[in-house]
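Reading through the structure tokens given below for one structure.
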Amino acid sequence: MTGTGRIGSALLAAGIALAVGSWCGAARAAGDTVDWKRFNGQTITFLSSNHPWAQAVLKRLDQFTELTGIKLRVDTFQEAQMRDRLMTVLQSRSSDVDLFMSLKSREGLLFANAGWYADLRPLVNDPKLTASSYDLADFSPALLKAEEFKGKLAGIPLNIEGPVLYLRKDIFARCKLAEPTALAQLPDIAAKLKACDPSITPFVSRGAKGALAYTFSNFLHNLGGDYFDAAGKSNLCSAPGKQALQLYADLLKNYGPPGVVNYSFLQIREMYGQGRAAMAFESSNEFGPIMQFPGRTKDSDVTLLPPGPGGVSRPTVIGWGISMSAFSQDQGPTWYFIQWATSPAMQTALALDGIAPPRVSIANSAEYKAWLAAEPVRQEWSKSLDTMARTGTSEVGPPMEQQPEARDILGDELQQMILGQVNADQACAAADKQIDALVVREQHH
Amino acid sequence: MGTMAFGRSGASTAGWTRRRARFAGTAHWLLVPALAFTLALVVFPFGYTFWLSLNDYQFGHSARFNFGENYAALLHDAVFWQGLGTTFFLYFLSLALQLVLGTYVGLLLNRRLYGQTLARTILMSPFMMPSVVIGMMWLVILDPSLGAANYILGLLGLPPSQWLASPGLVVPVIALIDTWQWTPFVALIIVGGLQALPIEPFEAAFIDGATRWQAFRYVTLPMLRPTLLTAAILRSVDLLRFFDIIYITTQGGPGNASTTLNIYAYRRGFEFFDIGYASAIMIALMALVAIVVLALMRLRRSL
């Protein structure tokens, strides 16, 4: 996925348009030409990951069955296992799976090039199949753009997410420290936190090699770096690249928990949730689960990663999408499910479960506003997501088809730095060399 | 055949032969389901994997025959050789621990002790548990900051360990987890072997004044050797293609420190979409398992 999602003014315009648009949509819905019982009795199969979105939607599945009479068979797996099953099904061009969750920033290009996504646009544009109140233009333009490949609409956005910094304001106050306002302050603040309360882990973020690109990328981008240079060569040995590697590795090595090289969202959520870390840089998606730990709603602040030199802030922003298999034999009923699950009504309900809404109108709904207003930390979370949507980039690793392998190469080198086995020069040189070789191999195909 | 025909008349011999021939014909037909089953579920997947290993085949692209290029690339692949080393290290360490401890536990279980049934039930439970549960359980116990293992070390006044996060410790720790799970299985086989041993050699040894250790070393152990080799063969197949606990706990990390060949093949195939190369790794692994198992079986036959 190459798209850097800057949506800026478009988002604002869409927001204003939609305050009015949602009303119009509701009015038009009265004259809908969609026959919801058209596919009554048919069965479709959904390959789902155990993502909070899927859990929240499937909780309401009865409503869909009642509305349409369509039976949804759900196969739920952990994300990695879901992908394994999905690839096997799609590679064999099987119709076993009708719809699936897909992370376009990771596998979008590969799946699109292989022709595995069905184009949803003809379905969206068909007034017999799509309610007039559906309103595709209500989605965040950046997220919608990330779902498009060569003019085809490969999916509908489900959520918006990106790493945010969870901070324990009570610990900062107790240690008489101000919250960081610049990236360069992090090591110093972490050192002071360590001195102030040695029982608390000052900083935690992802150290597991397959997972750390998601959090590391924000460091790279805020320091002004990019994965590739203008000539398309891996660029980690540039000055910002080396600085980012050094800063990220130092923070985890000197101020992170022991064993951080195996840490992904699960461990970080537990550690911060249990009150054992002062700062955690982890996905905005973990907001809901983290806030369920006693005390965290009141003692936490949520913010974006502080900007780099010159105030540069390019937060990482991604979104999951729901896609239809190109080999599905039941496109009609499958689209009905996608439409229902991503409708304004459903996404409003999901937002109240802590799923950051990809539709702009929802941010303006009274219900959602009341939910946000109940806790200051919810407003901070929402504000971070808003800024992320406007200024973020969806570059979570070297932008290429073989992105998972490129992320793994980066993860491997960075882990060696965290373990103190190599320095930044050695790590960046090894990573650049391997990623460049991967680019050559990819071109060879 | 000659002995069978002895004393029979010529006519009845001919009838016997005909019946045998007819039976043999039927027997061939009876074999068909088993053969079809073997072809479909053993020969075909193996053949298909071998064919894939001769192709440059990335998910999302069509396969291209590349004349064993994947195998040539294996020779220069540092991660493959490291994986081979890790596979063998894990194999020898786990097997040695499990055979020694399994024999010890087997000897204990073979005695008449108070509460033996309860002890057997508890001891047998680890290998009945799903590996996913075991992996998750040890992952929590061994977590360096949140887990019980470091807490216990602390109580004993020992420094904390990084356990699965330490590149140097990760393989021995995984070997210990596997040993915890599979020693009871080895012990069960050993108990079976011990109960089948004749009593006379022991009586003779003790009459000759042998100590318990001498009886174990020079009587029990040599007689148990076939049983031990059976246990070794069964564990070898599992250990050489070790996957589940590593996948749950470290996914092959930190770095590539616990990347066995099976984990490496999985990652290349399903995470990096490189099915052709992953198939070549799997064929290499299969060859390795076959060689080790054949060597052990040969050793068993020679006893």
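When you check A:SER394 against the structure, is it more than 11 Å from chain B (Cβ to nearest Cβ) and in contact with a strand residue (DSSP E or B) (Cβ under 7 Å, 6 or more places away or on another chain), yes or no? Yes; evaluated as a whole, the condition is true for this residue.
Search segment B:254-270 for residues being within 11 Å of another protein chain (Cβ to nearest Cβ) and not in a loop (DSSP other than H, G, I, E, B), and hand back the single one that is nearest to B:VAL293 (Cα to Cα). Walk me through it before giving the result.
If we filter segment B:254-270 for residues that are within 11 Å of another protein chain (Cβ to nearest Cβ), which is where we start, we get B:254-259, B:266-270.
Those still in the list that are not in a loop (DSSP other than H, G, I, E, B) too: B:266-270.
Values: B:TYR266: 23, B:ARG267: 26, B:ARG268: 26, B:GLY269: 26, B:PHE270: 28 Å.
Only one residue tops the list, namely B:TYR266.
When every residue of segment B:130-145 is checked against the conditions, none turns out to be touching a residue at least 40 places away in the same chain (Cβ under 8 Å), assigned to a loop (DSSP other than H, G, I, E, B) and more than 14 Å from chain A (Cβ to nearest Cβ).
In the set (1) away from every other protein chain (no Cβ under 14 Å); (2) touching a helix residue (DSSP H, G or I) at 6+ places or on another chain (Cβ under 8 Å); (3) surrounded by 13 or more Cβ atoms within 10 Å (Cβ to Cβ), B:ASN55 fails one condition alone, (1). Summed over segment B:154-175, the residues that are in a helix (DSSP H, G or I) and within 12 Å of another protein chain (Cβ to nearest Cβ) give a count of 5. The single condition among (1) part of a loop (DSSP other than H, G, I, E, B); (2) within 24 Å of the chain's Cα centre (by Cα); (3) touching a residue at least 24 places away in the same chain (Cβ under 8 Å) that B:GLN251 does not meet is (3). Applying the set (1) within 14 Å of another protein chain (Cβ to nearest Cβ); (2) assigned to a helix (DSSP H, G or I); (3) surrounded by 20 or more Cβ atoms within 10 Å (Cβ to Cβ) to B:THR86 leaves exactly one unmet item: (1). Considering segment A:107-138, and only residues there that are among the polar types (S, T, N, Q) and either within 14 Å of chain B (Cβ to nearest Cβ) or farther than 16 Å from A:ASP330 by Cα (or both), the residue that is surrounded by the most Cβ atoms within 10 Å (Cβ to Cβ) turns out to be A:SER133.
Within segment A:414-445, the set of residues being surrounded by 21 or more Cβ atoms within 10 Å (Cβ to Cβ) and either of a type in the set (Lys, Arg) or free of Cβ contacts under 8 Å to residues at least 24 places away in the same chain (or both) comprises just one member, A:GLN416.
Exactly one of (1) within 14 Å of chain A (Cβ to nearest Cβ); (2) in contact (Cβ under 8 Å) with a residue 60 or more places away in the chain is unmet by B:LEU194. Its number? So the condition that B:LEU194 fails would be (1).
Can you find a residue in segment A:279-293 that is within 14 Å of another protein chain (Cβ to nearest Cβ), under 23 Å from the mean Cα position of the chain (by Cα), assigned to a strand (DSSP E or B) and modelled with pLDDT of 95 or more? Even if it seems obvious, please write down each step before you answer.
First, the residues of segment A:279-293 that are within 14 Å of another protein chain (Cβ to nearest Cβ): A:280, A:293.
So of that shortlist, the ones also under 23 Å from the mean Cα position of the chain (by Cα) come out as A:280, A:293.
Next, from what is left, pick out any that are assigned to a strand (DSSP E or B): A:280.
Add one more test, that the residue is modelled with pLDDT of 95 or more, and what stays is A:280.
The answer is yes; a qualifying residue exists.
In segment A:258-268, which residue that is surrounded by fewer than 22 Cβ atoms within 10 Å (Cβ to Cβ) and in a helix (DSSP H, G or I) is nearest to the other protein chains (Cβ to nearest Cβ)? The selected residue is A:LEU266.
In segment A:374-414, of all residues being assigned to a loop (DSSP other than H, G, I, E, B) and of a type in the set (A, V, I, L, M, F, W, C), the one that is nearest to the chain's Cα centre (by Cα) corresponds to A:VAL396. With respect to being closer than 19 Å to A:ARG106 by Cβ, assigned by TED's automatic domain parsing to the domain that holds A:MET279 and of a type in the set (Lys, Arg), A:LYS209 fits the description.
When each of A:THR130, A:THR181 is tested for being more than 23 Å from A:TRP36 (Cα to Cα) and of a type in the set (Val, Ile, Thr), the lone residue that passes is A:THR181.
Out of segment A:205-222, which residues are surrounded by 24 or more Cβ atoms within 10 Å (Cβ to Cβ) and part of a loop (DSSP other than H, G, I, E, B)? Scanning segment A:205-222 gives A:SER205, A:ARG206, A:GLY207, A:LYS209, A:LEU212.
Could you tell me whether A:ALA373 is touching a residue at least 12 places away in the same chain (Cβ under 8 Å), surrounded by fewer than 20 Cβ atoms within 10 Å (Cβ to Cβ) and not acidic (Asp, Glu)? Outline the logic, then answer.
On the way: touching a residue at least 12 places away in the same chain (Cβ under 8 Å): no; surrounded by fewer than 20 Cβ atoms within 10 Å (Cβ to Cβ): yes; not acidic (Asp, Glu): yes.
Spelling it out, it is not the case that A:ALA373 is touching a residue at least 12 places away in the same chain (Cβ under 8 Å), surrounded by fewer than 20 Cβ atoms within 10 Å (Cβ to Cβ) and not acidic (Asp, Glu).
Counting just the residues of segment A:38-87 that are among the small types (Gly, Ala, Ser) and away from every other protein chain (no Cβ under 14 Å), which one comes out farthest from A:TRP320 (Cα to Cα)? Among those that are among the small types (Gly, Ala, Ser) and away from every other protein chain (no Cβ under 14 Å), it is A:GLY41.
Taking segment A:234-257 only, how many residues are within 14 Å of another protein chain (Cβ to nearest Cβ) and not hydroxyl-bearing (Ser, Thr, Tyr)?
Of the residues in segment A:234-257, the ones within 14 Å of another protein chain (Cβ to nearest Cβ) are A:249, A:252-253, A:255-257.
Subsequent filtering for residues that are not hydroxyl-bearing (Ser, Thr, Tyr) retains A:249, A:252-253, A:256-257.
Qualifying residue count for the region: 5.
Scanning segment A:158-180 for residues that are part of a strand (DSSP E or B) and of a type outside the set (Val, Ile, Thr) gives A:GLU161, A:PRO163, A:LEU165, A:TYR166, A:LEU167, A:ARG168. Give the residue that is nearest to A:ASP299 (Cα to Cα), with candidates limited to residues of segment A:257-288 that are without any contact (Cβ under 8 Å) to a residue 60 or more places away in the chain and small (Gly, Ala, Ser). Only one residue fits best here, namely A:GLY273. Among residues that are out of contact with any strand residue (DSSP E or B) (no Cβ under 9 Å at 6 or more places or on another chain) and in a loop (DSSP other than H, G, I, E, B), A:ASP353 is included. Scanning segment A:75-115 for residues that are more than 17 Å from A:ILE44 (Cα to Cα), in contact (Cβ under 8 Å) with a residue 60 or more places away in the chain and in a loop (DSSP other than H, G, I, E, B) turns up just one, A:GLY115.
Is it true that some residue in segment B:61-77 is assigned to a loop (DSSP other than H, G, I, E, B), closer than 22 Å to B:LEU240 by Cβ and of a type outside the set (Lys, Arg)?
Step one: filter segment B:61-77 for residues assigned to a loop (DSSP other than H, G, I, E, B), giving B:61-63, B:66-68, B:76-77.
Checking which are closer than 22 Å to B:LEU240 by Cβ leaves us with B:77.
After this cut, where a residue has to be of a type outside the set (Lys, Arg) as well, the list is B:77.
Scanning segment B:61-77 turns up at least one residue that is assigned to a loop (DSSP other than H, G, I, E, B), closer than 22 Å to B:LEU240 by Cβ and of a type outside the set (Lys, Arg).
Scan B:PHE202, B:PHE243, B:PHE273 and give me the residue that is surrounded by fewer than 18 Cβ atoms within 10 Å (Cβ to Cβ), touching a residue at least 12 places away in the same chain (Cβ under 8 Å) and either under 30 Å from A:GLU401 (Cβ atoms) or within 14 Å of another protein chain (Cβ to nearest Cβ) (or both). Of B:PHE202, B:PHE243, B:PHE273, the one residue that is surrounded by fewer than 18 Cβ atoms within 10 Å (Cβ to Cβ), touching a residue at least 12 places away in the same chain (Cβ under 8 Å) and either under 30 Å from A:GLU401 (Cβ atoms) or within 14 Å of another protein chain (Cβ to nearest Cβ) (or both) is B:PHE243. In segment A:223-232, which residue that is out of contact with any helix residue (DSSP H, G or I) (no Cβ under 6 Å at 6 or more places or on another chain) and either touching a residue at least 24 places away in the same chain (Cβ under 8 Å) or within 14 Å of chain B (Cβ to nearest Cβ) (or both) is surrounded by the fewest Cβ atoms within 10 Å (Cβ to Cβ)? Checked segment A:223-232; the qualifying residue surrounded by the fewest Cβ atoms within 10 Å (Cβ to Cβ) is A:GLY232.
Checking every residue in segment A:188-199 against the condition of being in a loop (DSSP other than H, G, I, E, B), within 14 Å of chain B (Cβ to nearest Cβ) and more than 23 Å from A:LEU266 (Cβ to Cβ) gives at least one match.
The values are calculated or read from the model by the stated rules, or taken from the named source; none is laboratory data. From a predicted model like this one, the values you see are computed outputs, not experimental measurements. Here the Cβ is made from the backbone with ideal geometry for all residues, glycine too, and neighbour counts use every protein chain on show.
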